[in-house]
12 protein chains.
Amino acid sequence: MPGIYKIIEVVGTSPVGFAEAVKAAVTEASDTVRHMEWFEVVSQRGRIAEGRVAEFQVTVKIGFQVER
Amino acid sequence: MPGIYKIIEVVGTSPVGFAEAVKAAVTEASDTVRHMEWFEVVSQRGRIAEGRVAEFQVTVKIGFQVER
Amino acid sequence: MPGIYKIIEVVGTSPVGFAEAVKAAVTEASDTVRHMEWFEVVSQRGRIAEGRVAEFQVTVKIGFQVER
Amino acid sequence: MPGIYKIIEVVGTSPVGFAEAVKAAVTEASDTVRHMEWFEVVSQRGRIAEGRVAEFQVTVKIGFQVER
Amino acid sequence: MPGIYKIIEVVGTSPVGFAEAVKAAVTEASDTVRHMEWFEVVSQRGRIAEGRVAEFQVTVKIGFQVER
Amino acid sequence: MPGIYKIIEVVGTSPVGFAEAVKAAVTEASDTVRHMEWFEVVSQRGRIAEGRVAEFQVTVKIGFQVER
Amino acid sequence: MPGIYKIIEVVGTSPVGFAEAVKAAVTEASDTVRHMEWFEVVSQRGRIAEGRVAEFQVTVKIGFQVER
Amino acid sequence: MPGIYKIIEVVGTSPVGFAEAVKAAVTEASDTVRHMEWFEVVSQRGRIAEGRVAEFQVTVKIGFQVER
Amino acid sequence: MPGIYKIIEVVGTSPVGFAEAVKAAVTEASDTVRHMEWFEVVSQRGRIAEGRVAEFQVTVKIGFQVER
Amino acid sequence: MPGIYKIIEVVGTSPVGFAEAVKAAVTEASDTVRHMEWFEVVSQRGRIAEGRVAEFQVTVKIGFQVER
Amino acid sequence: MPGIYKIIEVVGTSPVGFAEAVKAAVTEASDTVRHMEWFEVVSQRGRIAEGRVAEFQVTVKIGFQVER
Amino acid sequence: MPGIYKIIEVVGTSPVGFAEAVKAAVTEASDTVRHMEWFEVVSQRGRIAEGRVAEFQVTVKIGFQVER
């Protein structure tokens, strides 16, 4: 039977890089969402402090299968 | 009084076509969401198996009025 | 001699599917526009009623050659 | 510790203007969402009745910090 | 019977703000177009004179039902 | 008094180049539209025949002031 | 071992509808490409003749795994 | 002689609305830039505090003629 | 019988202008591709050397019919 | 050592065509900017007067290496 | 003599991060394509398994000079 | 008092990865720009040499508060 998926939008952050920010977003979402299958990067931003990158921020859409 | 609407993003699938995939997404969403009023197609993708289209996948945004 | 084309934007609707909504838009436009040559889908939306898709709405741009 | 944010999409409406429609969306969302920090305008539409603008509709994404 | 809609693109202007520019566009269009139902903002620009905003310009698409 | 503008979409063609295709579109439109003030390029395409560019096609939006 | 995929862009056509045009594109591509896994709709256009839709044209990107 | 224009990108803010945020951006820019002629809205965002819109933020591109 | 088309992406260059760069791309492609029917401009860039435009670069998508 | 580049946005104009407008923008910018390496077309517009194209306007982003 | 470039679209994957996925795509493509000169990121996605990022997927366009 | 921000566009490069290229851009900009607060990734490209990624290039917009 064909499946149905829902998509949520989350922002993950990391002082290290973009991949780490995505991992943080997915790990956090795993606390409340099950059956996550894929993510897609929507935008990449960051915060600057004292002339240096202080935080990488990645907005991702996460798709998960609806349980039935 | 002016109304407020929320928008959710859902992926419907169908072996038949795009319209059927949208219908599947809306029908499934109706189990948990009430007062749905419109949808908008975000993207159309699909899965291929053995050289043939195996599944049509349509991502839709669905708007519904917030109950008060 | 090179031709000139004009483009109009029309929304067709159908309870059946996206292709039928496009056909309705083109058929209706044919009442007042001649020499239509192509269409391009701009967006695909729809109306939901009682938890089911009630109407598919397709916005199309239609190109037609200007008579001289 | 780096924070995680979630993003919801809401449509606010107002008979007065775009800013008022955004305020309506945020105020309504505050009933159920806490720690909202920013919004971003996605699209601006409206309803026309009897040749006049009857309603301004603004779709916004709202970001809020996830409580831990 | 399903309806058909046409879309026109109009630029309204106002010295006051964006909502007023939209209202001006819709009011003007009402002189020649009937059964207008919705508008959608395409772009927001403006003219500057002597270091101040002299005019807000909003390009809107306006949808109206075709009479039959 | 603030002005109101309408926008039409036209495709001009030329065997020579893009600027010539725009000129052809504007010249043709001048037969039926008055008070044209600006154009904006929407897309640039063309036809190929026998391995050579046979025609440049430029889609432009043309803005003109509404007479009152 | 992580896989590598290539993406080709193909236009399928059909007198019936958009889903059939996608199927035609995939079936045709299967003659020369193996291990196709997904498609994504890029644009939907069509040809009009004598005031009726004569052909649906769907541009799709098709992804396939590179054999090693 | 044809003119040359430069474009700068500025973010204006206001507690009142979008038009006021644009005006603030233009007024501020007028301290250091002369011969500004037009602006174009790039994005509209805002800050939320205690469940209410605390600040409207509009990113605009401002064009000004280069003095010679 | 409906046709199938493939699309390739090519960058043409010219010291003269954009149209010439497109012509160069199409002429070059004609060495290895047959039945080319249309092109579409994707982006226009260029190289600057010693304060002057040294090269116009146009990225085009070229569509050609698949032989059967 | 890796280089750093800055990007400025400029509008060039010409009564002749798009390529000439780009050249005008680059030539003008060369008065104050050194080490320019590339440009990218952002938009193409123009002014119409008395039913004819009076001016081509091309907005370009110009990249130049930062001297150290 | 001006050069001609072709562009291919490839998806690289990596369990580590986005840069590694790009490197994988380029390295793999080097088996069959020569004179590659640049890449451009088209989209960044990934696969999630058991609540963790299992694979980063980057779609890149790769440009290479055509040998003559 | 509401603040005003300016946005500049910079390209950072790195042989290591995208995050490092962003850091390089911000660090370099800090030599001449003060009060930088955020960045936003505009595009990600790179240079290929001898079949390997030789340089990651990230175009970022950097926002900084205007001193008063």
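Cross-link check: pairs B:Lys6/F:Lys61; J:Lys61/L:Lys23; H:Lys23/L:Lys61 evaluated at a Cα-Cα cut-off of 25 Å; pairs beyond the cut-off: B:Lys6/F:Lys61. Across region E:35-51, rounded Karplus estimates of 3J(HN,Hα) from the backbone phi angles (6.51 cos²θ - 1.76 cosθ + 1.60, θ = phi - 60°) give 6, 5, 10, 8, 9, 9, 6, 9, 7, 10, 10, x, 10, 10, 9, 6, x Hz, Gly and Pro being marked x. Taking amide hydrogens as placed 1.01 Å from N in the peptide plane, the amide H of A:Val16 sits under 5 Å from those of A:Phe56, each at least 5 positions away in sequence or on another chain. Computed over the alpha-carbon atoms, chain F gives an Rg to Rh ratio of 1.10, Rh here being the Kirkwood radius from the mean inverse distance. Chain K's nearest residue to the axis relating it to A, judged by Cβ and reported with the distance in whole Å, is K:Phe18, 3. Packing, taken as the mean count of other beta carbons within 10 Å per residue, orders the peptides C:30-41, J:17-28, F:22-33 from highest to lowest as J:17-28, F:22-33, C:30-41.
Relative to the longest principal axis of the Cα atoms of chain D, the long axis of helix D:18-29 lies at roughly 50 degrees. Counting, for every residue in D:25-33, the Cβ atoms of other protein chains within 10 Å of its Cβ and taking the mean gives 4.
Considering the dipole of chain D built from charges on the beta carbon (Lys and Arg +1, Asp and Glu -1) around the Cα centre, which of D:Ala25, D:Ala49, D:Ile8 is farthest to its positive end? Value computed over the given set: D:Ile8.
Per residue of the protein assembly as shown, the DSSP helices (runs of n ≥ 4 H) give a summed -39500 (n - 2.57) that works out to -5500 deg cm²/dmol at 222 nm. Shape class for the protein assembly as shown, computed from the alpha carbon gyration tensor (a ≥ b ≥ c): rounded, with a/c under 1.5.
Computed from point charges on the beta carbon alone (+1 for Lys and Arg, -1 for Asp and Glu), the dipole magnitude for region C:5-63 about its Cα centre is near 80 Debye.
Only the coordinates and a few stated rules stand behind these numbers; no lab work does. None of the values given here were measured: they were computed from a predicted structure. Every residue, glycine as well, gets a Cβ built from its backbone with ideal geometry; the counts of neighbours run over all protein chains shown.
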